[in-house]
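Readers should treat all values here as calculations from the given coordinates under stated rules, not as data from a laboratory. Values in this document were obtained by computation on a predicted structure and should not be read as measured data. Glycine gets a Cβ as well: all are built from the backbone with ideal geometry, and neighbour counts include every protein chain shown.
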Amino acid sequence: MIMVEYSRTMAASFTSSFYARPSPTVPPASQSFEPLVKAVLKRRLNRNVFAFSAAFSLASHILFWSSDDSSLSMRLFSPGTWLVALLAWIVGVLPTIVSRKLNLAAHHTVAPSPRETLASALTKSNTFRIFTVYTASALLLLSLHLYSAPGIRESLDLSVFVKSKKHPYYLNGCLIFLVMAQGWLALSFSLRNIMRERFVPRWSRNVPSNPSNLLVNLPLLLITIGLFTLVTFTAYSVVFGLTRVIVLPILLRIPLLQSLLRPFTAHFIRGPWTLVLPLRYLRLEYRTVLLGLVTLVNWEFADILFDLYIPQPIDVSHTTAEPNVTLVSGVTSADLFFLHFAYSELRNLATDSSPSSSTRRISLFSDQKYSPSLWSTLTRAALLRLGHDYQTFLRRGWPAPPSPPPPVATPAATIPNPPSTPIIRQPIYKPPQQSPLARVLNSLASDSDLSQATEEVAKEVETVAKEAHVPELFRSVAASATSVVPAPTAANSIVHKPPTTLGSFILFIRQSFCGALVKYAPSWSRDTYRQLNEWLVRERIHKRAEMSLPNRELDALVIESLSALVCASLTEDRYGVVQRDILRILEAFLSFLQAAEDYQNEVRVLYVPPSPEELTQADSTVLCQKERTRVEVAKASETINVVVDALKSGISDIVRTFGDKLSAFKFPPKTAKKLQSFVDYI
């Protein structure tokens, strides 16, 4: 018994090495590639964006905004000035950078017109948070300056209430003007960032590693933000004056609002004429513009730093034990933000001619450790990415149609019941004898042989009539005759509800405003309103092209990476694994190229040069429209050329590298005809 147990133990301790072991798969990007990229981005955010923006904020606040009238040398050696400048960066600039980082999107949501762009932005949940962050930062910055500069606060009379014994709760109009100006500038700047799509990285395949042109373009930055501040402040002054003249008197006539607002704002409607009022407060306006300019310049400088440093290429795979596995894992990421970094590094690996890169490519092609292999995983992910963007391009950027509903399952066929013994439903006893008169009456009342024969003849006639040929005209007439009462439809079943009170009031106000504008407004204001409305509604040709190719930079990186790897496989692929996918890669490239060229021809036709008659007549409206169309068509062509140039360059490199060896592949006729044009050209 002891020997049996010992033999069982020894048999269990020795395991065979001939059993099938499952091959490992490529780890997901969230475990291998994305943490490394996040670490590099965090370091860039701390060392470049935060550090440089803080230095610029300190310099601007010390040089251009002083808490008192002291000299520059005294401000440079004053610890309190440096502390206030540092607090100004913390409360005024740092929240905007963090907000942009948290609300960063991976891809553009392009709309063809400014109105649709604004409408789509307002439907997002993070737009209100962005407005709130910018407004709160501007107001905190204003509070810090007012608290740290008591001399300026007293000289501008920026107390909360006016100095009046009779009306001690009247609000100070100067303080309200300054606070509302900061809020107006903050909302205008955040709206500008939304319209310019600043919350999406500005991807570019040729980003310099050390952007040194930032200080060179600093004067242009100051001029641009200065003009924007002046235009925004002028618009604010007009809106503030109209609010004081028109809106506030109307609000003070409403019973409930009158009792709430009159103790605080009744003196605003009794002041001097609004158009000459700004001439009495030039010092206040100067401080308002200066504070707004310093705030917006710091915000714009931080945004430029974010645009320059964050989208730069990142090489992180060489820091790991298996660099090819890490890089292929990054290509399979589901986040477009990390896909840009992965394909950028893959393109550098594919185009580098150094011995180390060649060794990595040979290892990538000959990998048999993972299932599926590294090259199969890479090719599948790249072609799926191109296929997804190709379908988006065919739909011109519109979302995919909803999938059809699943087919209704047919009921299972019922098995007929087995035959059963028939039940005799006739009397089994002999009926009693009836009189002759009763027998005649019963035969007439029951199913006699005569009535049964009549029914059989009627059924036969009906069957023959159905089998006979009836013209379609008569069939339609018969069908219409049988359906006299129409079936209720969805359109007929809709109950039209009367408009609500709020909807009727809004419609009445809009109609009244439009009627008053047409009746009383001067002609130049109506023309301005019409031009502004046309600018908001008109669809841009280049925006439609950007909407069709939202990920064009990523697509170009994918194309360049695949084409370079295919070209390198001619001498570095030992087992010929790449040659099995050349047909699919070329077919995908040529299909995408044909569709892009067709769309490019459609766009170019939209611009018609002005005729000699139009140039002779010198109609400014027609010539301006022609020039505007020409500029938009040129921008759209540049957008499409990002993908077209990459496709042409990649296909040309493959054809030039393989040459006559491509005849071994069997291409579809349309693809072969397109490929033959490249062969003939080369």
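Data overview
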{"item": "Residue-count net charge about Ser99 - beta-carbon cut-off 12 Å; Lys, Arg +1, Asp, Glu -1", "result": "+3"}
{"item": "Kirkwood hydrodynamic radius of segment 29-309, from inverse mean 1/r over distinct Cα pairs, in Å", "result": "21.2 Å"}
{"item": "Above-threshold pairs, the threshold being 18 Å between Cα atoms, out of Lys124/Lys635; Lys124/Lys543; Lys101/Lys543; Lys648/Lys674; Lys101/Lys635; Lys38/Lys369", "result": "Lys124/Lys635; Lys124/Lys543; Lys101/Lys543; Lys101/Lys635; Lys38/Lys369"}
{"item": "Percentage of interatomic Cα-Cα distances in segment 534-617 larger than 18 Å", "result": "64 percent"}
{"item": "Relative packing of peptides 572-579, 87-94, 299-306 - highest average C-beta neighbours within 10 Å first", "result": "299-306, 87-94, 572-579"}
